[in-house]
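For reference, the structure is listed below as structure tokens.
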Amino acid sequence: MTKVIGVRFRNAGRSYYFDPGEEEYFVGEKVIVDTAVGTEIGSVTIPVIEVSDEKVKQPLKGIERRASEEDVNRLNENIEKEKDAFKICKEKIAKHELDMKLVQAEYSFDRNKLLFYFTADGRVDFRELVKDLAGVFRTRIELRQIGVRDEAKMIGGLGICGRPLCCKSYLSDFAPVSIKMAKEQSLSLNPTKISGVCGRLMCCLKNEEDTYEYLNKQLPRKNERVTTMAGDSGQVIETNVLKQTVRVLFEENDEKEIREYHVDELGFRGNGPRASEDGYDGPAVTTEKTEDPADFFFNLDTLPEKRERPEETQEHHRDQNRDRRRQGKRHHGKGGFDKSEKSGRDGGKSWDRSHKDQNRDGGKSQEGSKKQRPYFGKRRRTQKKG
């Protein structure tokens with residue numbers, strides 16, 4: 001376990017771990033820390049705690065000191081200088097006619113670096129712009145391209161709910177959001193209603209996703225057959241996730257009726273209330289086991305019985321096969337082959353073709369027949385190129 005403290009540098013930014021040393025810090029205090037980009041000032045967001053070594057990125061840097069009044073005044077001066085730098089950079093962008101939108105300018109605490117954030121549809125060649133900015137501000141210039149979500153997080157604003165944006169107020173990281181979350185919550189799929197000011201799906205769709213997944217599992221599906229405690233069977237036409245109610249359509253003698261029930265009063269997919277005095281015998285689905293075609297291959301009871309041959313028939317076939325092996329007629333028919341000759345390329349051919357031809361023509365010779373093609377054909381000659 002490692003003792004750490006969490007420090008955040010910007011509003012709604014990520015908290016980074018630092019070594020607190022022997023000092024004790026409280027949430028909200030301003031501290032001066034040494035980072036990879038230089039000296040920075042931040043606010044304590046997580047008090048001194050102990051975390052596992054796997055969550056700590058080594059080497060862990062420490063906190064230099066608490067921020068003084070001079071440090072706070074320097075921070076305020078940097079904020080004022082950032083506004084002037086933003087205006088100058090915007091003029092330079094218009095001068096160079098670059099297709100980019102400037103979002104924010106940020107000074108490092110020691111003013112050794114000036115960082116500009118911008119958005120663009122594609123890659124932008126801003127090398128000449130960096131040279132002009134370096135000549136004006138006399139410091140290190142860095143331009144960083146960001147996405148539309150990061151733009152909304154930096155600028156801020158109000159959502160359709162009337163409250164400040166989640167990404168600006170408390171979110172530290174962007175969680176992945178999909179259209180499936182809107183379907184799970186039965187929301188309108190109109191992009192203007194489920195999108196935020198950044199044009200992407202609202203981050204708040206992720207907040208209640210786990211709750212809606214749990215509640216939807218307790219409800220029957222649409223068009224599913226359900227059974228009431230009185231034994232009536234109907235079809236689901238609508239569900240209310242938050243109230244956990246179901247509207248059921250009953251049809252009887254060309255008459256239709258819609259009733260609303262709580263989910264605990266219905267049986268479906270093996271769920272619902274148990275048998276009661278009203279005569280409810282379980283869920284609407286049948287309890288009989290359906291036959292699965294795959295069971296035929298895994299259930300030995302369903303396999304057809306193996307028919308055994310009589311012993312006399314088995315002995316007859318056994319003797320017949322033994323005689324064939326002795327006469328050498330198992331694979332080569334009645335013609336057979338001459339075992340007295342040696343086999344192989346040098347020992348001559350082992351096949352007796354005369355016997356084979358006699359059997360085909362009823363014993364007649366084939367003196368005038370055409371010459372048979374050899375077993376091995378000639379190799380195709382290839383002409384060498386070049």
The ratio Rg/Rh over the Cα atoms of the stretch 74-146, Rh being the Kirkwood inverse mean 1/r radius, stands at 0.95
Which entries in LYS81/LYS153; LYS61/LYS83; LYS30/LYS101; LYS81/LYS206; LYS57/LYS90; LYS83/LYS131 show an alpha-carbon gap greater than 26 Å? LYS61/LYS83; LYS30/LYS101; LYS81/LYS206; LYS57/LYS90
Among SER68, ALA120, SER52, the residue whose Cα sits farthest towards the positive end of the charge dipole of the stretch 32-134 (+1 at Cβ of Lys and Arg, -1 at Cβ of Asp and Glu, taken about the Cα centre) is ALA120
Given 4 °C, 1.567 mPa s and a Kirkwood radius over Cα pairs, the Stokes-Einstein diffusion coefficient of the stretch 197-236 in µm²/s is 99 µm²/s
Please compute the Kirkwood hydrodynamic radius over the stretch 152-214, one decimal place, Å, based on all pairs of different Cα atoms. 12.2 Å
Shape category assigned to the stretch 15-54 from the gyration tensor of Cα positions, a/c cut at 1.5: oblate
Give me the dipole magnitude in Debye, nearest 20, for the stretch 119-180 about the Cα centre, with unit charges on the beta carbon: positive for Lys and Arg, negative for Asp and Glu. 180 debye
Heads up, the stretch 116-158 by the C-alpha gyration tensor (a ≥ b ≥ c square roots of eigenvalues; a/c under 1.5 rounded, else a/b over b/c prolate, else oblate) looks oblate
Rounded, prolate or oblate: pick one for the stretch 39-186, where a ≥ b ≥ c are the square roots of the eigenvalues of its C-alpha gyration tensor, a/c under 1.5 means rounded, and failing that, prolate if a/b is larger than b/c, else oblate. oblate
Antiparallel content of DSSP bridges confined to the stretch 98-253, in %, to 5: 75 percent
With each label point set 7 Å from Cα along the Cα-Cβ vector, what nm distance links SER233 and LYS61? 7.1 nm
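No lab work stands behind these numbers, since they all come straight from the coordinates. Model, not experiment: these values are computed from the prediction. In this analysis, Cβ positions are derived from the backbone assuming ideal geometry, glycine residues included, and neighbour counts consider all displayed protein chains.
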